[in-house]
Amino acid sequence: MADRAWLRWPVARQLTGPDKLGRGAATRSRRTDSIAPRIRGADRVVKSVCPYCAVGCAQQVYVRDEQVIQIEGDPDSPVSRGRLCPKGSASLQLTTGAAREYRVRYRRPFGTDWEDLDLEAAMDMIADRVIESRRKGWQQEVDGKPVRRTLGFASLGGATLDNEENYLIKKLFTALGAIQIENQARI
């Protein structure tokens, strides 16, 4: 038996067996036969769209016990035909990554430590700062011409925002008088 141990090697099985091209039985092992796909235990599949850019690649989100277990490209999509870019392929980390924060973290100016804030308090802080920046940077007119704008703040939308979110952000900042509005997905 020991003298036939070399037949366990895939190349040896390929050369001595019927699978000369190495596309079937020659590539199989006990380990590969025991592996099951991640999606086997999924309760359901939810259709979605990748959140990273404006291309709109379709995704299939596999869910088990109300937890996302895998995200793959949707082969039925005419846009992406089942393919995802590296960012889209890693989008599972958006929902399950260990680095994802589920709380509001705040570091005071010139501070070195982070502190947890209540969501309502954080939203109030943001609103107060936007109002104050708008008030300080407001320009009613420039060189006698009405402009009704502020240079007190700008918006750089994130690449993980979808088209609808970016549309709403653009409308919000325009209504606030901002003129410096851009999106990372376009840069």
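The values are calculated or read from the model by the stated rules, or taken from the named source; none is laboratory data. Remember, predicted model here, so these are calculated numbers, not experimental data. Every residue, glycine among them, receives a Cβ derived from its backbone with ideal geometry; neighbour counts consider all protein chains shown.
Quick notes on this structure:
- Among the residues listed as E120, E165, E101, E141, the single one being out of contact with any Ser or Thr (no Cβ under 9 Å at 6 or more places or on another chain), surrounded by 13 or more Cβ atoms within 10 Å (Cβ to Cβ), on the phi < 0 side of the Ramachandran plot and not polar (S, T, N, Q): E165
- Pairs linking a residue in the stretch 23-38 that is modelled with pLDDT of 80 or more to a residue that is among the hydrophobic types (A, V, I, L, M, F, W, C) and surrounded by 10 or more Cβ atoms within 10 Å (Cβ to Cβ), with Cβ atoms under 7 Å and 6 or more positions apart or on different chains, are R38/I69.
- Condition check for Q60: without any contact (Cβ under 8 Å) to a residue 24 or more places away in the chain, outside any loop (DSSP other than H, G, I, E, B) and either out of contact with any Leu (no Cβ under 6 Å at 6 or more places or on another chain) or not assigned by TED's automatic domain parsing to the domain that holds E164 (or both): yes
Residue-by-condition table, conditions (1) over 30 Å from G88 (Cβ atoms); (2) more than 23 Å from the chain's Cα centre (by Cα):
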residue	(1), (2)
R129	yes, yes
K136	yes, yes
G144	yes, yes
Y167	no, no
T174	no, yes
Q184	no, no
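- Hey, P75 over 30 Å from G157 (Cα atoms), free of Cβ contacts under 8 Å to residues at least 40 places away in the same chain and in a loop (DSSP other than H, G, I, E, B) or not: no
- The lone criterion from (1) in a helix (DSSP H, G or I); (2) modelled with pLDDT under 80 left unmet by Q93 is number (2).
- Boolean, G82 is assigned to a loop (DSSP other than H, G, I, E, B) and either in contact with a His (Cβ under 8 Å, 6 or more places away or on another chain) or outside the structural domain of N166 (by TED's automatic domain parsing) (or both): yes
- Per-region count, the stretch 156-180, residues touching a helix residue (DSSP H, G or I) at 6+ places or on another chain (Cβ under 9 Å), at pLDDT 90 or above and not in a loop (DSSP other than H, G, I, E, B): 1
- Selection within the stretch 96-127 - charged (D, E, K, R) and not in a loop (DSSP other than H, G, I, E, B): R105, E115, D116, E120, D124
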